[in-house]
Amino acid sequence: MTGTVGLVRVLTTDDVDLLEAHGRVVAAAHGLDVVTRCIPDQPHGVHDDASFDRAAPKVADLVAELAPHVDAVIVSCAADPGLAAARARTDRPVIGAGSAAAERALALGARVGVLDLTVRTPASVTDVLGDAYVAALVPEGVTESRDLLTPAGTAAAVAGARELVARGADVILLACTGMTTIGLADRLATEIDVPVVDAVLAAGAAAQDAIS
């Protein structure tokens, strides 16, 4: 079944290619039509408690705006800002990338290692994982997703994923949707022997299931 999904980016940008990057991934993987919008006034996205708090009401407002025109809405941020408030404002399915990724990881294994840009894994992920959460790791020298585009950053991400496997992880969860933009899951899949969960793809799968 083909459906239309609204996708909310928490990174404010007028770069159309960047804005629609996650939507293209979801459309290609799941055969969905995607309408992407971004919240205002957050050019650095969600990266700490303050930016999360600023984003949450904006996300809820944008979901409410999109919902009448789509079959489901994805909040494309692993921290799931504004998810509960958004769900309260529409009867359309609203999927958070973080919680969707955690649910997908649990379906694939029992010990989940998280690769992120901060070791403080979002509650949207840890609340779902519970005792299956092994550890979080930030690739060495990486402070933002663009760093992963460099040879050193990519190598650090691979090393980080291998370290999480060495600590006992049988699934790797990418808890930064910026990692989707650079296709990190595909690269890791060629380097490690455990499943890798991309948060945006997981949210797309959940949206597809919700409207089937």
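The values are calculated or read from the model by the stated rules, or taken from the named source; none is laboratory data. Quick caveat, the model's predicted, so the values are computed rather than measured. Heads up, the Cβs are rebuilt from the backbone with ideal geometry, glycines too, and the neighbour counts pull from every protein chain shown.
All of Ala107, Ala21, Ala67 fail the test of being under 29 Å from Gly168 (Cα atoms) and surrounded by fewer than 24 Cβ atoms within 10 Å (Cβ to Cβ), apart from Ala107. Between Ala50, Ala84, the distinction of being out of contact with any Lys or Arg (no Cβ under 8 Å at 6 or more places or on another chain), surrounded by fewer than 24 Cβ atoms within 10 Å (Cβ to Cβ), of a type in the set (A, V, I, L, M) and at pLDDT below 95 belongs to Ala50 only. Against the list (1) more than 20 Å from the chain's Cα centre (by Cα); (2) surrounded by 15 or more Cβ atoms within 10 Å (Cβ to Cβ); (3) at pLDDT below 85, the condition Asp147 fails is (1). Taking segment 1-34 as the range and being among the β-branched types (Val, Ile, Thr) and under 17 Å from the mean Cα position of the chain (by Cα) as the test, the residues that pass are Val5, Val8, Val10, Thr12, Val25, Val26, Val34.
Residue selection: Ala161 fails the criterion of being farther than 21 Å from Phe52 by Cα, out of contact with any helix residue (DSSP H, G or I) (no Cβ under 7 Å at 6 or more places or on another chain), in a helix (DSSP H, G or I) and not assigned by TED's automatic domain parsing to the domain that holds Ala72. Residue count for segment 7-39 under the criterion of being part of a helix (DSSP H, G or I) and either touching a helix residue (DSSP H, G or I) at 6+ places or on another chain (Cβ under 8 Å) or of a type in the set (Asp, Glu) (or both): the result is 8.
Is one or more of the residues making up segment 169-181 more than 14 Å from the chain's Cα centre (by Cα) and in a helix (DSSP H, G or I)? Checking segment 169-181: not a single residue is more than 14 Å from the chain's Cα centre (by Cα) and in a helix (DSSP H, G or I).
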